[in-house]
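K.L.:
Got a structure for you, written out below as structure tokens; questions coming shortly.
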Amino acid sequence: MAKSDCVDTRNALVRAGLSSLELAACYIAAAQHDYDHPARTNAFLVSTQSDLAILYNDRAVLEQHHAASSWKLLLEHPEYNFLENMPAADVRVLRFLSLEMILATDLAKHFDMIRTFKANVSNGNIFMRTREDRLSVMQMCIKLADINGPAKCGPLHRKWAYLICEEFYDQGQEEARLDIPISLYMDTRSPLLPKLQVSFISNLLRPLLSAYASAGFLPGPYELSDNVEERSGDEAGISSMGQLHNTVISVIAKNAQVNEAFWQNVLKQQEADKKKKEEEEARAVAPSSSSTATVHISSVDDA
């Protein structure tokens, strides 16, 4: 594959369109967005009527907890409050932006936000000119940062995937102890890590990459490639630069493609192994034709 490094201007485009306060909100929200995570899903907290679910009325329970607890930590402890000398008006704006970004990571809103964003891009409404436009881009940015594990290089992605799977299995074991239905992909008796990763990449990450790329904001680094297969993957964040033979592809989009293919191959191998085992078991159980014939002849002689 012929390729060369390409200067990544996407991040610069986003940064140039944001005020210093908005950029600061991005960094703060990124630090806050999973603070004090209890290693349980929203669905689990709601179904078990946890204290957090009761407190936040079953709505975006985790996201509201991350936001509230991290802001409480910041404001109630002078040793942590690096905003104490900031004008009150700026703090209010900063807090509003960070809250909106953190709440945007609720996957219950995932597809609605993607549809709205892509519609705005199609209508030419994403130009970073209004506060609403900029907030929309900021929300998509933190969403991508939140779920981009499969967009990392293969070894690092798989390390995170196994750790998340351990967290899921821990929840599944608690659900079993509580005698409630075990959530999908969380049953240690039926490990489905490859299927989980393929589903996550194709159903959640790929549409997000596509939406962010449609606005020209998908971060790099970028590479030039004349690989036809890569050019065919526009949904994963590959964008044409008007060149006949070369295509620009984001490395994180390429990583997502490679990781999805890895897990698909694992699934295929598992299916092949399962089929082979079933065939071997069937042969072991079924009597051979020679054995059947011997039994038949013996029966006749005995008669």
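The values are calculated or read from the model by the stated rules, or taken from the named source; none is laboratory data. Just so it is clear, the structure is predicted and the values come from calculations on it, not from any experiment. With ideal geometry, Cβ positions are generated from the backbone for all residues, glycine too; neighbour counts draw on all protein chains shown. In case anyone asks, the SASA skips ligands and DNA or RNA and just uses the protein heavy atoms, side chains included. Shrake-Rupley method; radii C 1.70, N 1.55, O 1.52, S 1.80 Å.
K.L.:
Give just the number: which of (1) farther than 29 Å from Ala108 by Cβ; (2) at pLDDT below 90; (3) of a type outside the set (A, V, I, L, M, F, W, C) does Asn265 not satisfy?
P.N.:
Failing condition for Asn265: (2).
K.L.:
May I pose another question? When you look at Asp179, is it open to solvent by 30 Å² or more (accessible area, probe 1.4 Å), on the phi > 0 side of the Ramachandran plot and without any contact (Cβ under 8 Å) to a residue 12 or more places away in the chain, yes or no?
P.N.:
On the way: open to solvent by 30 Å² or more (accessible area, probe 1.4 Å): yes; on the phi > 0 side of the Ramachandran plot: yes; without any contact (Cβ under 8 Å) to a residue 12 or more places away in the chain: yes.
Yes: the conditions hold for Asp179.
K.L.:
Right, here's the next one. Would you please list the contacts, defined by Cβ atoms under 7 Å and residues six or more apart or on different chains, that run from a residue in the range 12-24 that is more than 16 Å from Ile142 (Cβ to Cβ) to a residue that is at pLDDT below 95 and surrounded by fewer than 15 Cβ atoms within 10 Å (Cβ to Cβ)?
P.N.:
Leu13/Gly216
K.L.:
Still on this structure, please answer the following. Take the residues in the range 182-208 that are within 21 Å of Ser47 (Cβ to Cβ) and among the β-branched types (Val, Ile, Thr), then tell me which one is surrounded by the fewest Cβ atoms within 10 Å (Cβ to Cβ).
P.N.:
Among those residues, the one meeting the criterion is Thr188.
K.L.:
Give, as residue ranges, the helices (runs of 4 or more DSSP H) completely inside the range 48-105 that count at least 2 residues that are open to solvent by 80 Å² or more (accessible area, probe 1.4 Å) and at pLDDT below 95. Spell out how you get there, then give the answer.
P.N.:
Numbers: elements: 51-55, 61-76, 88-103.
In the range 48-105, 61-76 are the helices (runs of 4 or more DSSP H) which contain 2 or more residues that are open to solvent by 80 Å² or more (accessible area, probe 1.4 Å) and at pLDDT below 95.
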